[in-house]
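Asks: Before anything else, here's the structure in question.
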Amino acid sequence: MGVFPVLILIMSVQFSAKVQSASISSVKVVRPPPAKYASNSKFPHFLPESFEQWTDDSDDNLWEHTGYLEGDIMAYAGEDRNGILNKTLRWPDAVVPFYIDEDDFSKDEIGVIMKAIGEYHEKTCIKFRSYTESDKNWIHIKGDRSGCWSSVGMHKEGQVVNLHTPKCVRHGVVVHELLHALGFFHQQSATNRDEYVKIHWDNILPGTEHNFNKYNETIVTSYGIGYDYGSVMHYSGKAFSKNGNPTIEALQPDVELGQRKGLSERDIAKLNKMYRTSCDRNSSESSEDNYDDFFKDLINLFG
Ligand SMILES: [Zn+2]
């Protein structure tokens, strides 16, 4: 057992003691069984050269270079293209059991992941907690597969969120992939996106046009909050460009596309609205303060 599981164990016990006020003797950090939704052999496991060339100074986003569906979405054979309106893809009670694979990440990298999770705790009603043996669904955060990717929404019997080390272990990337896992597609897939952005099809790399699909209203919704140029889920302006010219242009002046700093105000509002019923239900059963304390302590340990 490495340092991290020991710390998690300590924190889990303290956390459980505070939140559950119940027997804590059985709480321990356990490695989940292999996730049912891990990677799909249909998809290439090599990464485009552009992934290796990407740097923090690049205009576009790292997750646009992973080479999976729409850059970084892991889809599975026989699976309908369901989206955020499908309630079966949401995490019950807005609680997400997770396990960070200690084999794949350094202490500093685990710190980056924990801080991203901490942003959700701080700004949204979603609660992440350590995986336990009784959990039926969970996120296994790995770093040993190619690219940064996640499936969209909750998948039963475990799902991998992959953060290719060291490149994908960046705050904005982690926040982005977790938001996929919570149930969000990319912002420019919105039904009404053509009212907000112009897609320059002539500049798109041939064969990658599917990355600019949009979904109809039976699949996705903006929850009445509207289009968000500043979403952490928005492609950059030059995503999948064949010539360095823009592929997406905002129809309003002076807006930035494809920020990767973290959750936008509208990301937060939409997420809280998606999970409103669950959050309302569990808010009386758990103390947000205690969850927050748990994460602050953990972040301090790794910060
Ligand atoms: Zn993505």
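Asks: Using label points projected 7 Å from each Cα along Cα→Cβ, tell me how many nm separate Gln53 and Glu133, to one decimal.
Replies: 5.1
Asks: When the chain is fully extended, how far beyond the present Cα-Cα distance does His171 get from Asp280, taking 0.36 nm per residue of separation?
Replies: Length gained between His171 and Asp280: 36.4 nm.
Asks: Using the structure shown, select from Lys198/Lys273; Lys214/Lys270; Lys127/Lys156; Lys136/Lys167; Lys238/Lys270 the pairs with a Cα to Cα distance greater than 21 angstrom.
Replies: Where the Cα-Cα span goes over 21 Å, the pairs concerned are Lys198/Lys273; Lys136/Lys167; Lys238/Lys270.
Asks: Multiply the residue gap between Glu217 and Lys107 by 0.36 nm, knock off their C-alpha separation, and tell me the result in nm, one decimal place.
Replies: 35.4 nm
Asks: With a ≥ b ≥ c taken as the square roots of the eigenvalues of the C-alpha gyration tensor of region 190-244, please select rounded if a/c is under 1.5 and otherwise prolate if a/b is larger than b/c or oblate if it is not?
Replies: Prolate is the answer for region 190-244, as a/c is 1.5 or above and a/b outweighs b/c.
Asks: How big is D, in µm² s⁻¹, for region 70-218 by Stokes-Einstein at 20 °C and 1.002 mPa s if Rh is the Kirkwood radius over C-alpha pairs?
Replies: My calculation gives 131 µm²/s for D.
Asks: Now for a separate question. Between Lys242 and Asp254, what length in nm is gained on full extension when 0.36 nm per residue of separation is reduced by their alpha carbon distance?
Replies: In short, 1.9 nm is gained.
Asks: Sticking with this one: For region 150-285, just say rounded, prolate or oblate: build the C-alpha gyration tensor, square-root its eigenvalues into a ≥ b ≥ c, call rounded for a/c under 1.5, and beyond that prolate if a/b exceeds b/c, oblate if not.
Replies: Prolate is the answer for region 150-285, as a/c is 1.5 or above and a/b outweighs b/c.
Bear in mind these aren't lab numbers, they're just calculated from the coordinates by the rules spelled out. This one's a predicted model, so the numbers in the text were calculated from it and none came from an experiment. Note: ideal-geometry Cβ built from the backbone for every residue, glycine included; neighbour counts use all protein chains shown.
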